[in-house]
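Structure first, commentary second.
The values are calculated or read from the model by the stated rules, or taken from the named source; none is laboratory data. Source: prediction; values computed, not measured. Positions of Cβ are backbone-derived with ideal geometry, glycine not excepted, and every protein chain shown enters the neighbour counts.
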Amino acid sequence: TQLLEQSPQFLSIQEGENLTVYCNSSSVFSSLQWYRQEPGEGPVLLVTVVTGGEVKKLKRLTFQFGDARKDSSLHITAAQTGDTGLYLCAGASGTASKLTFGTGTRLQVTL
Amino acid sequence: GAGVSQSPSNKVTEKGKDVELRCDPISGHTALYWYRQSLGQGLEFLIYFQGNSAPDKSGLPSDRFSAERTGGSVSTLTIQRTQQEDSAVYLCASSLRLAGGFSLAKNIQYFGAGTRLSVL
């Protein structure tokens, strides 16, 4: 069974701070995706990383895929209250018929 | 519709009753997925459809759970003889993905808002 562990589980920070969320596994994935989910809604895709060592930037968010394609990180610079939500990583294997989701990181950004 | 639509948005039922959850995927999307999200947990894969067939049912937790898809569109997830541990948010997703191909863009899964099931 493939497992994806995320850390930290909960994070409460003030606006303007930086943070990093980690997603780790002992399994190799063909691609890894990051989602954000807000209360009462489904997850929304932020980014997909495919190549080991790949780094992608989405405004203040930086995503990195580990060289061995087993882990990933999400770094947020100068967090804003609008970044509040549940962040989920998800790994795909093969032709990605299903995603294995991480345990989630709940981020709260306050003024 | 423009997005994945799920109904009902909330369902409260008594232990032992059967429930049906519905998912309307994005028009033209051939792949459809069901996930379960329990309180404080990540998403747990249940079943995947490509067209009307389900190549991967590995995530269904017991034989009380079943799902079908008709006309390559609407899908229903049925839970028979519900138990309290079935309480969760059931999420549906669809993707454009066509059988036999692999394209990151076509594999992107778009999620509905989910059905919150409470079994009393």
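General observations
- In segment A:90-107, of all residues being hydrophobic (A, V, I, L, M, F, W, C) and either in a strand (DSSP E or B) or under 13 Å from the mean Cα position of the chain (by Cα) (or both), the one that is modelled with the highest pLDDT corresponds to A:L107.
Yes/no per residue for (1) farther than 18 Å from B:T13 by Cβ; (2) in contact with a Cys (Cβ under 9 Å, 6 or more places away or on another chain); (3) crowded, with 16+ Cβ neighbours inside 10 Å:
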{"position": "B:P61", "(1), (2), (3)": "no, no, no"}
{"position": "B:G72", "(1), (2), (3)": "yes, no, yes"}
{"position": "B:T78", "(1), (2), (3)": "no, no, no"}
{"position": "B:R81", "(1), (2), (3)": "no, no, no"}
{"position": "B:D86", "(1), (2), (3)": "no, no, yes"}
{"position": "B:V89", "(1), (2), (3)": "no, no, yes"}
{"position": "B:A93", "(1), (2), (3)": "yes, yes, yes"}
{"position": "B:L96", "(1), (2), (3)": "yes, no, yes"}
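- Flag if A:E38 is within 13 Å of another protein chain (Cβ to nearest Cβ), under 26 Å from B:C92 (Cβ atoms) and surrounded by fewer than 14 Cβ atoms within 10 Å (Cβ to Cβ): yes
- Hits in segment A:21-35 (condition: surrounded by fewer than 19 Cβ atoms within 10 Å (Cβ to Cβ) and either basic (K, R) or in a loop (DSSP other than H, G, I, E, B) (or both)): A:S26, A:S27, A:V28, A:S30
- Selection of first residues in segment A:55-69 that are closer than 15 Å to A:V21 by Cβ and of second residues that are in a loop (DSSP other than H, G, I, E, B) and at pLDDT 95 or above, restricted to Cβ pairs under 9 Å at least 6 apart or on distinct chains, gives the following pairs, ordered by first then second residue: A:R60/A:T77; A:R60/A:A78; A:R60/A:A79; A:R60/A:Q80; A:L61/A:T77; A:T62/A:T77.
- Any chance A:Q64 is within 14 Å of chain B (Cβ to nearest Cβ), part of a strand (DSSP E or B) and either touching a Ser or Thr at 6+ places or on another chain (Cβ under 6 Å) or of a type in the set (D, E, K, R) (or both): no
- Qualifying residue in segment A:61-79 (condition: among the polar types (S, T, N, Q) and in contact with a Phe, Trp or Tyr (Cβ under 6 Å, 6 or more places away or on another chain)): yes
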